[in-house]
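See below for the structure under consideration.
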Amino acid sequence: MILTRLIHSSSTWVKKALPGYCGFCLSSRQTSSGWCQECFDQLPWNNNGCWQCKEPLDSVSVAFNADTDPSQRVCGHCQEQPPAFTAATAELLFDGPIRELIHDFKFNASPRAGMLLVELMMAKAPSFLGEGLLPVPMHIARARQRGFNQSQWLAEQLGKRVKLPVIRAECIKRLPSQRTLNRKERAKNLVGAFCIDKGPLPSHLTIIDDVVTTGATCQALAEEALSAGAKRVDVWTVARTPLVHN
C-alpha cells in the first residue's frame, strides 16, 4: 500500500520536513528526539497513575494509599476487580497536544505525528517488556475504511526499537463505536471480539495501543492472550484518558 510505504519511511520524512525544529512548537530548540525540552516538560504527564491500569489517582485514592510505594499504588477499581493484565504503561494523559497528535495520526495517517508518538513512548518505556508485542487488532472492514491499524503500526515501529517480535491477533467481531460507552457497555461489546491462534505464544506479552480509555479493550485482549497460553500480559500505550472524562 502507498500509505504503508509512506508511514514506514516517516522517520526520514520527519527529519527532512522539520530539520532542527521542535515537533510541537516548531522552535529551533529541537533535541535528537524531535522536541525541545520546554515542550517535553509541559506535556500532560500522567505522573500519579494506578500501577495496573494507569487511571490517574485522585486525592482520595492517594490518601488511601499514602503508605504505599508510589510506583505500586493501585486504584479502587483494580483493587476490587483486578484486570487480566498485570501492569500498564501510559505516561501521558489524552489531553491538549497529545490528543491533537493522536487524532492527527489515527484519522489523518500523519507520518510526523506517528513518529513523534513512537519517540514519546520510547522516552518512558517500561523497564521490562517481556518477549513479544501484541497490538490491538482492528476488524478488517474498519481497517479498510481507515486505511491502516494505528496500533499495529506503533507495535511494528516499537518492535524494531526494542528488538521484540510483533504477535498478531484478529478482531472477528465488527464493533460499534465505543466512544460514548462506559466501561460496562464496552466490556459487553468486546465479548468474543478477539482471537489468537492457539499455537506457542511468548509467556509474557505486552499489548500495544494508542490510548487506554476504560481498559475494556486491553482487558478483553489480555483474557484472550492468557487463554491462548501466555502467562503474563502487560499494556503499553501512548496515553490514558481519565475515567472522569469518559
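The values are calculated or read from the model by the stated rules, or taken from the named source; none is laboratory data. Since the model is a prediction, treat every value here as computed from it, not as a measurement. Accessible surface areas use protein heavy atoms only, side chains included; no ligands, DNA or RNA. Shrake-Rupley method; radii C 1.70, N 1.55, O 1.52, S 1.80 Å.
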Report task. Provide the solvent-accessible area of Phe40, counting protein heavy atoms only and rolling a 1.4 Å probe, rounded to the nearest 10 Å². Result -> 30 Å²
Query - Heavy-atom accessible surface of region 103-246: percent carbon and sulfur, 1.4 Å - result: 52 percent
Query raised in the report: For region 32-173, what is the per residue volume of the convex hull drawn over the alpha-carbon atoms, in cubic angstrom?
Result: 143 Å³
Requested in this report: Quick one: which residues, 5+ away or cross-chain, put their amide H under 5 Å from the amide H of Val74? H built at 1.01 Å from N.
Outcome: Trp51
Report summary line: For region 108-246, percent of DSSP beta bridges that are antiparallel (nearest 5) comes out at 15 percent
Report summary line: Rounded to the nearest 10 Å², the accessible area of Glu38 using a 1.4 Å probe with every protein chain kept is 90 Å²
**Report entry** Solvent-accessible area of Leu43 with every protein chain in place, 1.4 Å probe, in Å² to the nearest 10
**Finding:** 10 Å²
Report task. Could you provide, to the nearest whole Å², the per residue accessible area of region 72-203 with probe 1.4 Å? Result -> 51 Å²
Query raised in the report: Amide H to amide H, which residues 5 or more places from Asn48 or on other chains are under 5 Å from it, using H placed in the peptide plane?
Result: Leu57
Query raised in the report: Which ³J(HN,Hα) values in Hz, rounded to whole numbers, follow from the phi angles of region 85-100 under the Karplus curve 6.51 cos²θ - 1.76 cosθ + 1.60, where θ = phi - 60° and Gly and Pro get x?
Result: 8, 7, 8, 10, 10, 8, 7, 10, 9, 6, 7, x, x, 6, 4, 5
Query raised in the report: Across 10 Å bins from the origin, how do the percents of Cα pairs in region 72-134 run, short distances first?
Result: 17, 38, 34, 11, 0
